[in-house]
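A.B. asks: Structure in C-alpha cells, see below.
The values are calculated or read from the model by the stated rules, or taken from the named source; none is laboratory data. Just so it is clear, the model here is predicted, and its values are computed rather than measured. Heads up, the Cβs are rebuilt from the backbone with ideal geometry, glycines too, and the neighbour counts pull from every protein chain shown. SASA here: full protein model, heavy atoms, side chains in, ligands and nucleic acids out. Shrake-Rupley method; radii C 1.70, N 1.55, O 1.52, S 1.80 Å.
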Amino acid sequence: ADKLGIELVEGRDLIVKNDEVFMRTTEGLKRVDVIYRRVDDVGKFGLRLFFTFAIAVLFVGLADAANWSRFRGPNGTGIADDKSVYPLVPAMIRFYLAEEPILASVPTWRCADDAARKHVLANLGSLVTKPANESGGYGIVMGPTAGPEALVHVARRIEQHPAGWVAQPMLRLSTMPTLIDGEIAPRHVDLRPFAIVGEEVRIVPGGLTRVALEPGSLIVNSSRGGGSKDTWVIEAGK
C-alpha cells in the first residue's frame, strides 16, 4: 500500500453518503473511487444478516453505491481469482494479445468438464485438488499425502459440485534456507510478482516471496501458517 500510494483501511474507516463512498481522514472525508476488497464473501452476500463484522452495515451501502455512483469495487472483481480460469489463460493470451505465452501454465483440470472430472477422480491420489473459489490455501487436498478418508471425502464433494473444483499435478516447489527456531532449515517457497495495469502494464520490481514454515509443507499461504522472505533483484534486464 505504501509503495503504490494507496490507503490501507478497515470497514470502519469508510462511510457511504449520497451513493458515494468516503474515507475518514484527519483532514475530513475523502472520496473513494476504487476499493480492493479483502473480506470473506459472507460479508458481501449476507449483507443484511451478517452483523458480527463491523463492515456489515457498510457493505449494504457499498452495494447501492456500486450501482449508482462512480465508485468501483466490491462486486464481480474476483474472476481472475477463480481457479477455473487457469487452463484458459494460454488461449486468452493468444486471443487478446495475438502472442504465444512466454511461461507455461501449470496443467489444470476443470472438474466441470466430464472428461477432466473422470481423469481427476481416477487419479486423486497423485493430484492436488483445490476448490475453485477458495483462497488462502483452504480446502486443498494433497493427493500423495492425503489419507484414504480424505480422498473419499473430496471425491464425494467433486461429484456433488463439479464446477467448484479443479485439480493439478503436485509440483515440488524450490526450497531456501530459512531460520526456524534459531536454526537454518530448508523450507519450500514461491514468488508472487505483481503487475500494475495503467496505460501500460508494469511489473513491480521484486515481489512477494512466500515460505511454508512447516517442515515438508507446500502450503505457503500466510493464513495457513506460511511466512515471507525478503525478495532481492540482483540485476535488472536479464
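A.B. asks: Please verify whether the range 38-49 includes one or more residues that are under 30 Å from residue 127 (Cβ atoms) and at pLDDT 50 or above.
C.D. replies: So far as the range 38-49 goes, yes, one or more of its residues are under 30 Å from residue 127 (Cβ atoms) and at pLDDT 50 or above.
A.B. asks: So in the range 92-117, with the set limited to residues that are assigned to a loop (DSSP other than H, G, I, E, B) and among the charged types (D, E, K, R), which one is least open to solvent (accessible area, probe 1.4 Å)?
C.D. replies: It comes out as 113.
A.B. asks: Being in contact with a Leu (Cβ under 6 Å, 6 or more places away or on another chain), of a type in the set (Gly, Ala, Ser) and touching a residue at least 12 places away in the same chain (Cβ under 8 Å) is the requirement here; does residue 132 meet it?
C.D. replies: no
A.B. asks: Sticking with this structure for a sec: So which residues in the range 118-135 are open to solvent by 60 Å² or more (accessible area, probe 1.4 Å) and charged (D, E, K, R), if there are any at all?
C.D. replies: 118, 134, listed by residue number.
A.B. asks: Of the residues in the range 152-168, how many are touching a residue at least 24 places away in the same chain (Cβ under 8 Å) and open to solvent by 40 Å² or more (accessible area, probe 1.4 Å)?
C.D. replies: We begin by selecting, within the range 152-168, every residue touching a residue at least 24 places away in the same chain (Cβ under 8 Å); these are 154-155, 158-159, 162-168.
Restricting the remaining residues to those that are open to solvent by 40 Å² or more (accessible area, probe 1.4 Å) gives 159, 163.
The qualifying residues number 2.
A.B. asks: Going through the range 181-228 one residue at a time, which ones are surrounded by fewer than 16 Cβ atoms within 10 Å (Cβ to Cβ) and of a type in the set (D, E, K, R)?
C.D. replies: The answer is 181, 183, 192, 199, 200, 202, 214, 224.
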